[in-house]
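S.K.: I'd like to ask some things about the structure below.
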2 protein chains.
Amino acid sequence: MNNTTHEPKTYDLTADEERLSHMMKALGHPARMQIFRYLSENPQCITGDLVDVLPLAKATVSQHLKVLRDAGLVCGTIEGPATCYCLDCGNVAWFKSQVGSMF
Amino acid sequence: MNNTTHEPKTYDLTADEERLSHMMKALGHPARMQIFRYLSENPQCITGDLVDVLPLAKATVSQHLKVLRDAGLVCGTIEGPATCYCLDCGNVAWFKSQVGSMF
DNA sequence: TCGCTTCATCGCTTTTTTACGATAAAGGGT
DNA sequence: ACCCTTTATCGTAAAAAAGCGATGAAGCGA
């Protein structure tokens, strides 16, 4: 409402809210949403599988996967010459619960 | 997994998933997350209130509000010379339920 | 009607994101 | 050791988003 005082009251986000926003940003791109859904339906899949399914170059898919990894939504483990990706269930659960109790 | 067939099977997003991604993108910016939270705590507030609270110029806040409006998360009604903003509760509820049942 | 207030939009610049080809790293098979 | 497969990263170009001052529209009060 109207802030008649002259104190510079800020409304900064909490660390959790910032993390949440970061995750939202990661899923706020159609290609990454697709990757996320694909991983939820096809756990333990390989980068190449995503490339086959998406209309994007390998480098681009790799980049999107990095965004999802940095957001904590996905984790990839090196499996021989390939990299096996799957959802980070713990963080995904956290994400859901945060959204559920928002705000 | 491995798709040995040669059918160009695509994994397009559904309309709902696209809408969801659009909403996520809107909240995937710290300033807009702040606006969203502020609106949840201060319903029926005016653009100027947000400007006072955020470290951004009027034009920028207006632009962020438009993004939130376009995503359906917020709605603004003209109230005299001002514009009164509040959360679009219906769409917010839809958003939450979608995330809850994801995927 | 004349200001005053409130806000959205326009025009512009700067920054960030997206996308891709080319290159490099790294394991597995022969 | 050599090649083949699978990926990540680098460099770069194009597109999108963020941010702001200036301008204009629109209501309210005197």
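The values are calculated or read from the model by the stated rules, or taken from the named source; none is laboratory data. This is a predicted model, so every value here is computed, not measured. Reconstructed Cβ throughout: ideal geometry from the backbone, glycine too, with neighbour counts over all protein chains shown.
S.K.: Every residue in region A:78-95 that is buried (at least 16 other Cβ atoms within 10 Å of the Cβ) and either outside any strand (DSSP E or B) or under 12 Å from the mean Cα position of the chain (by Cα) (or both), please.
M.R.: A:Leu87, A:Asp88, A:Asn91, A:Val92, A:Trp94, A:Phe95
S.K.: So, one more: Kindly indicate the residue of region B:20-33 that is in contact (Cβ under 8 Å) with a residue 40 or more places away in the chain and out of contact with any helix residue (DSSP H, G or I) (no Cβ under 6 Å at 6 or more places or on another chain) and also nearest to the other protein chains (Cβ to nearest Cβ) among those meeting that condition. Spell out the reasoning first.
M.R.: Of the residues in region B:20-33, the ones in contact (Cβ under 8 Å) with a residue 40 or more places away in the chain are B:20, B:22-23, B:25-27.
After this cut, where a residue has to be out of contact with any helix residue (DSSP H, G or I) (no Cβ under 6 Å at 6 or more places or on another chain) as well, the list is B:22, B:25.
Working: B:His22: 8, B:Lys25: 3 Å.
In this case the residue turns out to be B:Lys25.
S.K.: What is the number of the single condition among (1) closer than 27 Å to B:Arg32 by Cβ; (2) over 16 Å from the mean Cα position of the chain (by Cα); (3) surrounded by 14 or more Cβ atoms within 10 Å (Cβ to Cβ) that A:Ser101 does not meet?
M.R.: (3)
S.K.: Among the numbered criteria (1) in contact with a Gly (Cβ under 8 Å, 6 or more places away or on another chain); (2) over 22 Å from B:Asp16 (Cβ atoms); (3) not polar (S, T, N, Q), which one does A:Met24 miss?
M.R.: Tallying (1) in contact with a Gly (Cβ under 8 Å, 6 or more places away or on another chain); (2) over 22 Å from B:Asp16 (Cβ atoms); (3) not polar (S, T, N, Q), A:Met24 fails exactly one: (2).
S.K.: Going through region B:34-53 one residue at a time, which ones are β-branched (Val, Ile, Thr), in contact with a strand residue (DSSP E or B) (Cβ under 8 Å, 6 or more places away or on another chain) and more than 9 Å from every other protein chain (Cβ to nearest Cβ)? Break it down stepwise before answering.
M.R.: Here is the first cut: in region B:34-53, the ones β-branched (Val, Ile, Thr) are B:35, B:46-47, B:51, B:53.
With in contact with a strand residue (DSSP E or B) (Cβ under 8 Å, 6 or more places away or on another chain) added as a condition, the list becomes B:35, B:46-47.
Passing the criteria: B:Ile35, B:Thr47.
S.K.: Here is a further query. Yes or no: B:Gly90 at pLDDT 95 or above, more than 10 Å from every other protein chain (Cβ to nearest Cβ) and at positive phi?
M.R.: Numbers: at pLDDT 95 or above: yes; more than 10 Å from every other protein chain (Cβ to nearest Cβ): yes; at positive phi: no.
It is false that B:Gly90 is at pLDDT 95 or above, more than 10 Å from every other protein chain (Cβ to nearest Cβ) and at positive phi.
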